[in-house]
1. Just to be sure before I move on: is residue B:205 within 13 Å of the chain's Cα centre (by Cα) and touching a residue at least 12 places away in the same chain (Cβ under 8 Å) in the structure I sent?
2. Please enumerate the residues belonging to region B:109-147 that are under 20 Å from residue B:184 (Cβ atoms) and either over 25 Å from the mean Cα position of the chain (by Cα) or modelled with pLDDT under 90 (or both).
3. Would you say residue B:121 is in a loop (DSSP other than H, G, I, E, B) and either within 12 Å of chain A (Cβ to nearest Cβ) or at positive phi (or both)?
4. In region B:17-45, how many are on the phi > 0 side of the Ramachandran plot and within 13 Å of ligand 1 (Cβ to nearest atom)?
5. Evaluate region A:146-154: report whether one residue or more is within 14 Å of chain B (Cβ to nearest Cβ) and not in a helix (DSSP H, G or I).
6. Conditions: (1) more than 12 Å from chain A (Cβ to nearest Cβ); (2) under 29 Å from residue B:29 (Cβ atoms); (3) assigned to a helix (DSSP H, G or I). Residue B:94 meets all but one. Number of the miss?
7. Out of all the residues in region A:5-27, is one or more part of a loop (DSSP other than H, G, I, E, B), touching a helix residue (DSSP H, G or I) at 6+ places or on another chain (Cβ under 9 Å) and surrounded by 12 or more Cβ atoms within 10 Å (Cβ to Cβ)?
8. With B:227, B:223 as the choices, which residue is away from every other protein chain (no Cβ under 14 Å), in contact with a strand residue (DSSP E or B) (Cβ under 6 Å, 6 or more places away or on another chain), at pLDDT 90 or above and away from ligand 2 (no atom under 16 Å from the Cβ)?
Ligand SMILES: Nc1ncnc2c1ncn2[C@@H]1O[C@H](COP(=O)(O)OP(=O)(O)OP(=O)(O)O)[C@@H](O)[C@H]1O
Ligand SMILES: [Mg+2]
């Protein structure tokens, strides 16, 4: 709706609003349809273990560098910032606790999920989108293979299963990064810092972070697959799907993060 | 055989039940009507050729036959079962009767040629790896492609892709074969080879085939009946020798390769 005549602006605005909300509802519908179909086909034979393993390597192993780097620098900057802040009221000894708590409960799951949304969510959308516009998905159906089962289930399963271990790794690397900065740059006592790291840290903090991670993995992979699946319009359409997948997955991750935090604690 | 209550009107009568019955099929995309009430019976064991102008809706029609596109109105009934009513499990079972080759090949570009053709064999049979390999080579030889097993899809020419797609479609020797322009863009000798494969299957196997082509010579060779699709409707269906004698002006222009006065109607 471009530049409506000023007389008709209210109507055009309503039209625009209507279009946008229809579009939004359509997206939500597609997401949950894809989620339902994925669960439906996940429990039915044949089970393609080779595909599962291949996708798990692609999501899990190949994402270690990017997730590790993200976690390390987040831990380092956390230590730096809290140290500067807590110094003002002589609470430096709590830096370790703050770093470990915020990493395990919040930062590691969310930042890892956002990085994976960029890495995997987009590539899922591009891959399935290309298969859609080149009729490879039609070809699968024509060969009596259910595309959701063959393509989507292994990818969603792999992402959902691999995110928790990745986040556990991120927890560790992030805490180590914080330790390095605090001890190396801020002259914190290593023994005290180490003790404080775990003093207030509950196993539940870690677990809630890992549960979040699994949910984020599910969200971002289903979003990517659903975007790819509903691609239309050639190479340009694939580009659109890819961008939309990352944007949508990131938004939904941040949104659901709030509610998950509310539920899980 | 039990007739389920959902099976619509067409039940076997005195004559042979059609392998595929298409009843009053309508389809439009974004308000543009592509199929406008198609009725057609495809008999068991026949080779039907569909001809028609570019953009007439041939590919769309073919995809309806296997349920890749759902009609807005009308039915496609395969062996007495309505594709639209069939639930997912039944639908997969019906599709297993089909093999289809696509206009652009639609090969899996994450696999090499061998794995593409082996895919339906591995998925739907318990053939040993040796048997699979033998069958793949046999199918490739039929379409005059030897020694490309280990090439990747993006290393193939357009015509090679189409032939690999053809080989993949026939690999399982299904009951019904759908070919979307299998020999377009091939040199005359290779195109004739594809025609020969189709003719041999028609003569020796109980297979039902629907082939789209632009090439009237090839249509004459492979068809038991030729159907002309125009403006979303079946303009005529007839055996090849009758078809060429039809007096319809559009068909005569089509056969003679002459421009037709108001052809733009289809392109619009
Ligand atoms: N998925 C789609 N969305 C929108 N329009 C479509 C779609 N598929 C086909 N069409 C339209 O339907 C019409 C018929 O297309 P179709 O591919 O069936 O033509 P065709 O007869 O196979 O032509 P050709 O001989 O060139 O392959 C075209 O006008 C095309 O634009
Ligand atoms: Mg076509």
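The values are calculated or read from the model by the stated rules, or taken from the named source; none is laboratory data. Since the model is a prediction, treat every value here as computed from it, not as a measurement. Neighbour counts run over all protein chains shown; Cβ positions are idealised from the backbone, glycine included.
1. Working: within 13 Å of the chain's Cα centre (by Cα): no; touching a residue at least 12 places away in the same chain (Cβ under 8 Å): yes.
The answer is no for residue B:205.
2. Listed by number, the residues that qualify are B:142, B:143, B:144, B:145.
3. Numbers: in a loop (DSSP other than H, G, I, E, B): no; either within 12 Å of chain A (Cβ to nearest Cβ) or at positive phi (or both): yes.
Against the criterion (in a loop (DSSP other than H, G, I, E, B) and either within 12 Å of chain A (Cβ to nearest Cβ) or at positive phi (or both)), residue B:121 does not qualify.
4. Just the residues of region B:17-45 that are on the phi > 0 side of the Ramachandran plot, to begin with: B:24, B:30-31, B:37, B:45.
Next, only the ones that are within 13 Å of ligand 1 (Cβ to nearest atom) stay: B:30-31.
Count: 2.
5. Yes - at least one qualifying residue is present in region A:146-154.
6. (1)
7. We begin by selecting, within region A:5-27, every residue part of a loop (DSSP other than H, G, I, E, B); these are A:5.
From what's left, touching a helix residue (DSSP H, G or I) at 6+ places or on another chain (Cβ under 9 Å): A:5.
When the remaining residues are screened for being surrounded by 12 or more Cβ atoms within 10 Å (Cβ to Cβ), the result is none.
Checked region A:5-27: no residue is part of a loop (DSSP other than H, G, I, E, B), touching a helix residue (DSSP H, G or I) at 6+ places or on another chain (Cβ under 9 Å) and surrounded by 12 or more Cβ atoms within 10 Å (Cβ to Cβ).
8. Working: B:227 fails: away from ligand 2 (no atom under 16 Å from the Cβ).
The match here is B:223.
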